[in-house]
Amino acid sequence: MFSPGISVPDALIRTRHLSEGAKMFWCYLRTVRKEPVSFKQLRARTGLAQNSILKYLRELSRTGWLEYRRGRYSLTCHAIWKDGRPAFRLPVDLICDRGLPAAAKLVWGAITQLKDGFSYAELVRCTRYSRNTVAKYVRLLLQKGWLRGKAHREARRKRFLVQPANPHHERRQADLNLFQRAKKLAEKRIGDSIGQLYATYMVSLIVREDIIICNAQPWGLVNPRTGARLQYDILLPRSRVAIEFQGPQHDGPTALYPDEAQFRAQQERDHLKRQRSAELGIRLIEVRAQDLTFPRLAQLLQEAGVPVTSQPCAAPHLYELLEKETAAYRKAVSEVTRAG
């Protein structure tokens with residue numbers, strides 16, 4: 001549950017010659033696999049200011065815990081493991097959690113080694129922090145979801161029966177489970193499609209708009225002949241842009257939709273939607289299966305005037321999943337189209 005993570009040497013924890021911030025920065029540098037690393041990346045990932053980064057580099061180098069070469073915009077470094085056994089492991093999620101001070105992360109690590117619960121006195125002996133300090137950080141870790149459990153009284157002393165947790169991992173898992181449930185529903189529900197689901201998720205990850213409406217039925221988008229309301233797969237109301245995923249049946253009869261009359265009716269609805277969109281001042285983007293890549297969607301959105309993010313994805317677990325899923329989907333649709 002806590003992987004990936006890094007082992008933290010006991011000597012690093014116990015040294016009095018480093019600040020807690022420098023110790024946690026050493027932990028972060030142990031996670032860096034690509035060198036050199038830019039200062040911009042360090043600031044973005046750790047939340048530290050440039051001056052703090054430079055201060056911790058000097059601290060770690062002076063005490064023999066780090067070797068580094070600094071360039072103008074980046075540095076190459078090697079976090080050194082000095083003599084000593086591992087004290088505990090810290091998950092990368094915890095190391096990079098900006099909502100926790102460095103000392104709270106070290107307290108969490110110490111708690112992972114106390115298998116049968118702990119009292120404040122025991123935690124004080126492990127960490128060498130004061131009682132008030134460990135009490136403050138235990139409350140914070142419980143509040144942030146990094147600890148799960150409760151305290152009870154033993155001979156007038158408070159004892160904690162808690163388990164280490166990883167709220168970031170739990171949120172990622174919840175996101176993935178939600179996606180899989182949505183995918184199963186799209187496979188069963190009439191009128192929805194897997195391609196539409198992929199497009200919705202991908203657009204939500206790259207646009208900078210705070211309002212995204214799925215299956216939107218804006219005022220005025222009506223079939224004048226029948227009076228029936230039409231809908232967009234995705235609507236970005238601030239940019240006045242709509243996105244429609246067009247499956248193969250929009251371009252011709254398919255094995256799943258072989259009826260010629262149905263195809264002509266579909267084309268008529270598509271033409272009507274384009275016409276009404278232009279009258280309403282809404283830019284309509286039509287997306288095919290081969291457009292379901294993040295670079296291509298970003299290009300289409302930018303051409304329509306929609307601001308897209310240039311920073312790394314806020315949900316890389318979904319980004320990675322969607323890249324794999326859509327690659328397989330594009331291949332399957334291409335094979336079906338060629339066979340047809």
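Taken together, the values in this text are just the output of simple stated rules run on the coordinates, not laboratory data. Remember, it's a predicted structure, so these values are computed and weren't measured experimentally. Cβ sites come from the backbone with ideal geometry, for glycine too, and all protein chains shown count toward neighbours.
Tabulated values for the structure
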| quantity | calculated |
| --- | --- |
| Counting DSSP beta bridges with both ends in the chain, the antiparallel % (nearest 5) | 85 |
| GluC sites (Glu not before Pro) within region 2-105: DSSP coil, no more than 13 neighbouring Cβ in 10 Å | none |
| Count, lysine Cα pairs under 17 Å in region 99-165, 8 or more residues apart or across chains | 8 |
| Projected area averaged over orientations for region 99-165, convex hull of C-alpha atoms, nm² | 4.1 |
| Förster radius 22 Å - calculated FRET efficiency between Lys324 and Ser38 (Cβ-Cβ, nearest 0.05) | 0.20 |
| Helix-only [θ]222 nm of the chain, DSSP H runs n ≥ 4, -39500 (n - 2.57) each, per residue, nearest 500 | -15000 deg cm²/dmol |
| The chain - percent relative contact order, Cα under 8 Å, separation 6 or more | 12 |
| Residues Ser334 and Asp270, FRET efficiency given R0 of 22 Å [Cβ-Cβ distance, rounded to 0.05] | 0.55 |
| Length-normalised contact order for region 116-204 - Cα pairs under 8 Å, 6+ apart - percent | 21 |
| Estimated FRET transfer efficiency (Asp83, Arg139; beta-carbon r; R0 35 Å; 0.05) | 0.50 |
| Cα long-axis angle, helix 20-31 against the chain (0 to 90 degrees, to the nearest 10) | 50 |
